[in-house]
1. Take the stretch 13-30 and flag every residue that is part of a strand (DSSP E or B), away from the ligand (no atom under 16 Å from the Cβ) and open to solvent by less than 30 Å² (accessible area, probe 1.4 Å).
2. Are any residues in the stretch 88-115 more than 21 Å from Pro193 (Cβ to Cβ) and touching a residue at least 12 places away in the same chain (Cβ under 8 Å), and if so, which ones?
3. Would you check which residues across the stretch 148-163 are open to solvent by 20 Å² or more (accessible area, probe 1.4 Å) and in a loop (DSSP other than H, G, I, E, B) and list them?
4. Just a yes or no: is a residue in the stretch 141-149 under 24 Å from Gly29 (Cα atoms) and either aromatic (Phe, Trp, Tyr) or in contact with a strand residue (DSSP E or B) (Cβ under 6 Å, 6 or more places away or on another chain) (or both)?
5. Looking at this structure, is Pro92 of a type outside the set (A, V, I, L, M, F, W, C) and more than 16 Å from the ligand (Cβ to nearest atom)?
6. Those residues that are open to solvent by 10 Å² or more (accessible area, probe 1.4 Å), within 17 Å of Gln28 (Cβ to Cβ) and outside any helix (DSSP H, G or I), I need them from the stretch 73-112; list them, please.
7. What are the residues in the stretch 164-183 that are open to solvent by less than 40 Å² (accessible area, probe 1.4 Å), within 16 Å of the ligand (Cβ to nearest atom) and assigned to a loop (DSSP other than H, G, I, E, B), if any?
8. Of these, Ser116, Ser211, Ser190, which one is closer than 27 Å to Glu81 by Cβ and in contact with a Cys (Cβ under 7 Å, 6 or more places away or on another chain)?
Amino acid sequence: MTTNLRSESLDAGGRPSAGPRVGVLALQGDFREHAKVLALLGAEVSLVRRPAELAGIDGLVIPGGESSVMDKLARMFGLAEPLRAAIAGGLPVYGTCAGLIMLADTVLDAIAGQESLGGLDVVVRRNAFGSQNQSFETDLAIPALGDEPVHAVFIRGPVVESVGASATALASLEDGRVVAVEQGNLLGTSFHPEITGEHRFHEYFLGKVRSRANP
Ligand SMILES: NC(=O)CC[C@H](N)C(=O)O
């Protein structure tokens, strides 16, 4: 008899080990696309809408969407402070587009009263590619992810205007503008790997999640 096990690795008790538990912030935006990619890569995925749902996750993805709405909902649902505490406590978090804006310490062109969660020592500018050119696609060389370029889709994305001393740029456009950054367990991209079939960013993120879950 063969059993259809999702994971071939076994835990200390000889049982098949479950994948890392990754939450996806599901207040607004393209959280379903992230959940699909993460599940495909073997993570145990849960949607996060309340503070209690942060318990027991080993990592969190903040999706693309609209950062000002996400911010409002996060505060309304009492999630903003628990999220800040989780980030400060070292929870691995990957933010795409609006998610990157949520993780940035400083946000330019925010709407009045908009707050970010912070954690990434970067300055981002919302809607940096302007209304004439709201969406575009390009291939990015990202040595940290291997030789094959990353096909990147930008949808009213932010740009990283300055990278502070604690953060590192992972990818830039040809004109030098930074569009992917990391800092310890935090990862952010201006673009959307969750919609292109590109899994290397999620894999890279899951690496951070696994090393925190099994130090
Ligand atoms: N695709 C996206 O996530 C767009 C981000 C959006 N322009 C914002 O400011 O939040």
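1. Val22, Gly23 - these are the residues of the stretch 13-30 that are part of a strand (DSSP E or B), away from the ligand (no atom under 16 Å from the Cβ) and open to solvent by less than 30 Å² (accessible area, probe 1.4 Å).
2. Taking the stretch 88-115 and keeping what is more than 21 Å from Pro193 (Cβ to Cβ), we get 88-90, 105-115.
Of everything in the stretch 88-115, those that are more than 21 Å from Pro193 (Cβ to Cβ) and touching a residue at least 12 places away in the same chain (Cβ under 8 Å) turn out to be Ala88, Gly90, Asp105, Thr106, Val107, Leu108, Asp109, Ala110, Ile111, Gln114, Glu115.
3. Glu148, Pro149, Arg156
4. So in the stretch 141-149, the residues under 24 Å from Gly29 (Cα atoms) come out as none.
The answer is no, given that none of the residues of the stretch 141-149 is under 24 Å from Gly29 (Cα atoms) and either aromatic (Phe, Trp, Tyr) or in contact with a strand residue (DSSP E or B) (Cβ under 6 Å, 6 or more places away or on another chain) (or both).
5. Working: of a type outside the set (A, V, I, L, M, F, W, C): yes; more than 16 Å from the ligand (Cβ to nearest atom): yes.
Judged against the criteria, Pro92 is a match.
6. Phe77, Gly78, Val107, Ala110, Ile111
7. none
8. After applying the criteria, what remains is Ser190.
The values are calculated or read from the model by the stated rules, or taken from the named source; none is laboratory data. What you see is a predicted model; the values in this text were computed from it and never measured. FYI the Cβ positions are ideal-geometry reconstructions off the backbone, even for glycines, and counts take in every protein chain you see. Side chains are part of the model used for accessible areas, which takes the heavy atoms of the whole protein and leaves out ligands, DNA and RNA. Shrake-Rupley method; radii C 1.70, N 1.55, O 1.52, S 1.80 Å.
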